[in-house]
Structures are given as C-alpha cells and as structure tokens.
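Right, one structure below, let's go through it.
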Amino acid sequence: MAKPEPKSWIYDLSAYVPGRADIPGIKQPVKLSSNESVYGPSPKAIAAYEAASGTLARYPDGGSTDLREALAAHHGIEAERIICGAGSDEVLTLLLYAFAGPGDEVIHSHYGFMIYPIQAKAVGATPIAVPNKNWAADVDGILAAVTERTKLIFLDNPNNPTGAYVPWAEIERLHQGVRDDIILVLDAAYAECVTAEDYKAGLELARRANNVVMTRTFSKQYALAGLRVGWGYGPEHIIDPLNRIRMAFNVNVPAQAAALAALADQDHLAASVAFNAEERTTLTARLMALGLDVVPSQTNFVLIRFPDDAPFRAEDANAYLTRHGYLLRWLPGMGLGGFLRLSVGEIQQNQAVCDLLAAFLRGDEGLDDG
Ligand SMILES: *Cc1c(COP(=O)(O)O)cnc(C)c1O
C-alpha cells in the first residue's frame, strides 16, 4: 500500500543527538556534556522571565524589535540587519533553507558543529567536511574545497567540539579568497568566552562585506540555553530572505524579555566570563598534570585526549565517570573516539572530575563502586 514518503534525501541524515542528561540509578548526575554555563544567567534576566508570565496570552513581537534595537546599540550596528532566532541554530538553519538546496555544496570543518551537516542535508544540499588544522578550521583546506557549487561556508570560531580558534588575520585571508557569491558564516557562539587578543567575532567584516554573516547566541556565556535565543547580523540581501521564511513568532515572549535584561547586565556577563576563563585555565593545568593532553580552549569546555590502550581509553574514562555520576561528551561518530569533551563546571565539580580522572588513571576502581 502506498504511504507518504518524505523528500528522498531525508533518510540520509541522522537527527542531532544532544549531550546526555541522565544516568540510570543516579539521582542528580552532574551534566558537563552540553557546554551550558554553570555560572547561570543574570538575576535580572530571571526576573524579566518571571515578569513575562503576566503576558503569556499575547503573541510575542514577531520582529523581536526591542531586542534587536538593544543588540544594535550595544554592538554599534544596524538593527535592520539583525535577525533573532530560537537559538542561533535557527539562524544557521534559515541560512541553509534560503540559500542552499539539492546540487549545492556547504563547507564546514570536519571537527565542527554537528548542526551544519545535519541541516545541510535537510535541505538536500551536500555537506563537505574539510579536515581541521591545529584543531581549528584550516583556511587553505577550505579554500581548496570551494567549487562552483559551493553556496555557504560555516566556520565555528571558536570551534565546537575542539575549543580551538582561528586568529582574525586568517579569517580575513579566508574572506579574501572566497567568491562574493558564497556566504561566509562566522558562528561566534563562544565569542564571549574568548580571551585571546588576536580573536574577533566578525562584526566589522559582517558590516562591510557583501557575503558575511556573524551569528551569536544567548545560550552559552549568557546562560539562557533553555530559552532559545540567538541572532545573526549581515547584509540586508542576506537577512531579508531569512525574515521572509522564518516562523512569524520565532522568539517567544519570556525569551525576548530575558535576553534583553541579560544584555543590559554586562556586569554579570563580565563576572561569568572571568569565572569561566579562570576555571578553564585551572582545569587545563590539572588535566595536563595528570598526563592528559588538552586542546587549548577559548570556549567554556575542554577537549581531553586519552591514551589509546584499554583500560585507559576515552570510552573507559567515560564509563568510569558515568558510574560516578559525571556526564561528559564522547563523540566517536565524529572521529573523536579518543577524546572526551568536558564543559567547565562549578569549582567543586571541576575538582571532582580531576580527582576521579586521577583515580581512573591510577587504575583505582573507585571510591564507592567497589
Ligand atoms: C551551542 C552552539 C550554537 C548554538 O546554540 P543555540 O543554543 O542554538 O544558540 C551554535 N554554534 C556552536 C558552535 C555552538 O556550540
């Protein structure tokens, strides 16, 4: 019997798999698998979220006008050229829906944000994975991968899941090397976490170039992942098509209110950035003191390399930590089977992970599981 069939390419893709949140038999596992901010959102954002509960019968402002205007004022850019989305995921996805389809190619780094290849496939386009260089994007590799079919290049800078970044001069070089009809997407989800001085998120380039979009999010350092607010900034001829196809009311009422308040509380953001930078440094040093390699990180997580031999492999460590209630991210599907990604946690949690890993590497079966 005939049945409805999806578009032919849909079964080529596998849905995004989020970081695990629970462990059978453990009441409150420590979730360090999704790069959430343990520092938490601004109390003013929480208050704005709660206050918004009084207006839930009303549709949100479909254009996120107040938020776009506040972002424009804060960053010194034009509100008309900003689009807000339900997370920056939505903006990244809209770019694909508006600019790519069957027969088109979409370039991304092999170790990079998993949403790019998934959503490229969703529109029937072909994702092209370029090997990384020093754990970040390889500018020459990307330039060499460009063909006449290339429509978009996605570059997460800093990179997820490696934590590495590309210095600004290299991004300029990449931009100079690509055709004007290819969109260069600078996904700066971790921009607020960066302390390196030769880094830029891409605001000025997105302002002056014909073909550059920068995306940002309230999910990471602003700690509003649960609300889903992100945004993109670029030339009108890229942003306008996205506004035509997005959901009419894509960012909900409490999300807009909380993001607006979070943006206004730059003191809270600064404190959270300082906390993250310090814990990231401490965590890196402790892990390296255990003899583990750590990719230098500019984000709110670190990628840790484990020995190749059982019982000290990444998957052994992952099982060990899970038994002790700690959830990290193991990404064998991406070719990172020898690594675990650890989001920066609270001070005691970071200490506990390092202590557990020390015991694990000593071959000590554990403190409480016999
Ligand atoms: C987390 C993340 C995003 C977006 O997250 P949203 O919650 O959808 O804003 C985008 N890019 C990278 C590289 C990320 O790690």
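The values are calculated or read from the model by the stated rules, or taken from the named source; none is laboratory data. Just so you know, these numbers come straight off a predicted model, no measurement behind them. All Cβ positions, even for glycine, are placed from backbone atoms using ideal geometry, and neighbour counts span all protein chains on display. When the accessible area is computed, the model is the full protein with side chains, heavy atoms only, and any ligands, DNA or RNA have been set aside. Shrake-Rupley method; radii C 1.70, N 1.55, O 1.52, S 1.80 Å.
Structural remarks
- Scope region 4-37; condition within 16 Å of the ligand (Cβ to nearest atom) and either of a type in the set (Phe, Trp, Tyr) or loosely packed, with under 14 Cβ neighbours inside 10 Å (or both); matching residues: Ala15, Tyr16, Val17, Pro18, Ala21
- Among residues of region 302-314 that are within 13 Å of Gly337 (Cβ to Cβ) and open to solvent by 80 Å² or more (accessible area, probe 1.4 Å), those with a beta-carbon under 8 Å from a residue that is of a type in the set (A, V, I, L, M) and assigned to a loop (DSSP other than H, G, I, E, B) at least six positions away or on a different chain give the pairs Arg305/Leu292; Arg305/Val295.
- Residue within region 90-111 that is small (Gly, Ala, Ser) and within 19 Å of the chain's Cα centre (by Cα) present: yes
- Restricting attention to region 178-201, the residues being within 24 Å of Arg149 (Cβ to Cβ) and assigned to a loop (DSSP other than H, G, I, E, B) number 5.
- Count of region 236-259 residues, restricted to those that are closer than 17 Å to Ala51 by Cα and open to solvent by 60 Å² or more (accessible area, probe 1.4 Å), is 1.
- Wholly within region 42-139, helices (runs of 4 or more DSSP H) carrying at least 3 residues that are more than 16 Å from the ligand (Cβ to nearest atom) and open to solvent by 20 Å² or more (accessible area, probe 1.4 Å): 43-51, 65-75
This table checks each residue for (1) within 16 Å of the ligand (Cβ to nearest atom); (2) part of a helix (DSSP H, G or I); (3) within 19 Å of the chain's Cα centre (by Cα); (4) not aromatic (Phe, Trp, Tyr).
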| position | (1), (2), (3), (4) |
| --- | --- |
| Arg207 | no, yes, no, yes |
| Asn210 | no, no, no, yes |
| Leu227 | yes, no, yes, yes |
| Pro241 | no, yes, no, yes |
| Ala248 | no, no, no, yes |
| Gln256 | yes, yes, no, yes |
| Asp267 | no, yes, no, yes |
| Glu278 | no, yes, no, yes |
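- Any hit, region 95-107, residues being without any contact (Cβ under 8 Å) to a residue 60 or more places away in the chain, of a type in the set (Asp, Glu) and touching a helix residue (DSSP H, G or I) at 6+ places or on another chain (Cβ under 6 Å): no
- Within region 177-189, no residue satisfies the criterion of being more than 21 Å from Leu96 (Cβ to Cβ) and within 16 Å of the ligand (Cβ to nearest atom).
- Among the residues of region 143-159, those that are surrounded by 23 or more Cβ atoms within 10 Å (Cβ to Cβ), assigned to a loop (DSSP other than H, G, I, E, B) and touching a Ser or Thr at 6+ places or on another chain (Cβ under 9 Å) comprise Pro158, Asn159.
- Residue check, Asn350 open to solvent by less than 20 Å² (accessible area, probe 1.4 Å), closer than 26 Å to Ile26 by Cα, of a type in the set (S, T, N, Q) and in contact with a Leu (Cβ under 6 Å, 6 or more places away or on another chain): yes
- Search result, residues across region 289-327 that are over 30 Å from Glu197 (Cα atoms) and in a strand (DSSP E or B): Tyr326, Leu327
- Flag if Leu336 is open to solvent by less than 10 Å² (accessible area, probe 1.4 Å), under 28 Å from Val166 (Cβ atoms) and out of contact with any helix residue (DSSP H, G or I) (no Cβ under 6 Å at 6 or more places or on another chain): yes
- Any chance Ala86 is modelled with pLDDT of 95 or more, more than 23 Å from the chain's Cα centre (by Cα) and within 30 Å of Asp267 (Cβ to Cβ): no
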